[in-house]
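Taking it in order: structure first as structure tokens, then the write-up.
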Amino acid sequence: MAIILDGKKLRDKILEDLKQKVEKFQVKPSLVVILVGEDPASQIYVNNKKKIAQQIGINSQVINYPENTTEETVLNKIKELNENKNVTAILVQLPLPNHISKEKVINTISPQKDVDGFTPYNFGKLFSGEKPIVYPCTPKGILLLLDEYGIELEGKHAVVVGRSNIVGRPVAQMLLDRNATVTMCHSYTKNLEQIIKTADVVVSAVGKNIIKGEMLKSDCVVIDVGIFKDSNGKTRGDVDFESSSKIASYISPVPGGIGPMTIASLMLNTVELFEKSL
Ligand code: NAP
């Protein structure tokens with residue numbers, strides 16, 4: 001049976017260490033989260049981020065605009081927060097309503113306050129093989145979890161399924177930077193099953209149950225990023241846990257794997273940006 005990559009346990013350790021660190025700061029880091037609209041899932045995510053930030057001593061504020069807020073209002077608020085010395089980290093919760101350009105919004109955040117690591121400056125650094133100011137949260141969480149369990153990446157074949165800007169692309173780059181040989185797959189990939197069969201490390205960020213045990217190579221490492229509700233309302237990942245945990249050597253569960261690591265990384269990034277601002 002595969003060893004479970006326990007994201008909750010590592011998250012708790014990271015948050016406890018951060019709490020002790022933040023206690024020693026005279027001025028506290030400050031995270032502002034902008035949410036546009038009333039999407040219930042986004043509201044849960046945002047409130048959770050605020051609650052955890054407060055638990056470790058980070059000042060956290062949520063600015064919740066109604067759905068019909070103009071793009072200009074949001075851009076002006078970001079510019080104001082960029083100038084505000086008391087704010088050290090800015091996060092805009094995605095997705096945004098259709099009438100607001102995600103690109104314009106992200107491009108307006110100061111790279112020094114870009115806690116998600118999504119601005120063109122930070123992305124450009126990452127994809128040119130340099131260090132960004134901070135790394136995107138979910139990929140960073142994945143790498144931290146792999147490191148915690150001593151999983152070697154050098155020379156390994158890593159297959160990343162999904163090519164979003166928040167997970168697939170940056171995690172592929174970060175695995176490449178660790179000297180893995182990386183294959184990226186997406187909805188147009190032919191022979192996905194054959195490719196996955198050759199993977200030493202599989203990272204799946206799709207949002208559909210696409211990976212089953214019989215597709216995996218023996219003793220591979222499986223990172224399941226996907227989270228969605230099935231028709232019975234049960235939280236699921238991309239990977240069929242039961243069959244896959246019999247074949248893999250390590251596997252991250254859903255829930256309790258990459259989700260908690262994403263929030264831990266967000267808090268790490270908030271503190272890193274604060275320290276860099278001093
Ligand atoms: P996304 O923007 O939803 O895109 C999904 C990706 O999967 C796309 O690249 C798509 O390919 C690919 N795809 C779709 N069907 C496929 C198939 N049958 N075979 C291979 N690839 C396929 O991705 P995301 O935002 O990264 O989210 C992915 C999942 O991760 C979601 O369930 C999301 O909730 C979850 N997530 C979890 C966390 C966490 O903290 N645990 C963080 C972020 C996301 P194309 O590009 O060709 O369309």
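The values are calculated or read from the model by the stated rules, or taken from the named source; none is laboratory data. These figures come from a predicted structure and were not determined experimentally. Here the Cβ positions follow ideal geometry from the backbone for every residue, glycine too, while neighbour counts run over all protein chains shown. The protein model used for the area step is the full one, side chains on, heavy atoms only, and it has no ligands, DNA or RNA in it. Shrake-Rupley method; radii C 1.70, N 1.55, O 1.52, S 1.80 Å.
At-a-glance table
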quantity	calculated
Segment 59-79-segment 178-216 distance, computed between alpha-carbon centres (Å)	38
Relative contact order of the chain, defined on C-alpha pairs under 8 angstrom at six or more residues apart (%)	22
Prolate/oblate/rounded call for segment 2-64, Cα gyration tensor, a/c under 1.5 rounded	oblate
Percentage relative contact order, segment 137-259, counting C-alpha pairs under 8 Å, at least six apart	22
Share of alpha-carbon pairs per 5 Å distance bin for the chain, given as whole %	1, 6, 12, 16, 18, 16, 13, 9, 5, 2, 0, 0
The chain, accessible area per residue, ligands and nucleic acids excluded (1.4 Å, Å²)	49
Mean ellipticity per residue at 222 nm, deg cm²/dmol - from DSSP H runs of n ≥ 4 across the chain, formula -39500 (n - 2.57)	-12500 deg cm²/dmol
Karplus (6.51, -1.76, 1.60) ³J(HN,Hα), θ = phi - 60°, over segment 257-271, in Hz, Gly and Pro reported as x	x, 7, x, x, 5, 5, 5, 4, 5, 4, 5, 4, 5, 4, 6
Amide H partners (placed H, <5 Å) of Ser60, local residues excluded	Leu31
Packing rank of 54-60, 110-116, where each peptide gets the mean count of other beta carbons within 10 Å, highest leading	110-116, 54-60
For segment 137-259: rounded, prolate or oblate by the Cα gyration tensor [a/c cutoff 1.5]	rounded
Of all accessible heavy-atom area on the chain, the percent that carbon and sulfur account for (1.4 Å)	50
0 to 90° range, to nearest 10: angle between helix 40-55 axis and the chain longest Cα axis	70
Long-range HN-HN contacts of Ile34 with modeled amide H, under 5 Å	Ile63, Leu91, Val92, Gln93
Where labels lie 7 Å past Cα in the beta-carbon direction, separation of Glu148 and Lys24 in nm	2.2
Solvent-accessible area of Tyr121 with every protein chain in place, 1.4 Å probe, in Å² to the nearest 10	110
Set of aspartates and glutamates near Lys208 by C-alpha distance (under 17 Å), chain-local residues within fewer than 8 positions excluded	Glu193, Asp224, Asp230, Asp238, Asp240, Glu242
Counting DSSP beta bridges with both ends in the chain, the antiparallel % (nearest 5)	5
Under the Karplus curve 6.51 cos²θ - 1.76 cosθ + 1.60, θ = phi - 60°, whole-Hz ³J(HN,Hα) for segment 200-213, x wherever Gly or Pro sits	7, 10, 10, 10, 10, 10, 10, x, 9, 6, 10, 10, 10, x
Angle between the chain longest axis and helix 71-83 axis [Cα atoms, degrees, rounded to 10]	80
Built amide H within the under 5 Å cut-off of Ile3, gap 5+	Tyr250, Ile251
Segment 28-112: C-alpha gyration tensor shape, a/c 1.5 cut-off, then a/b vs b/c	oblate
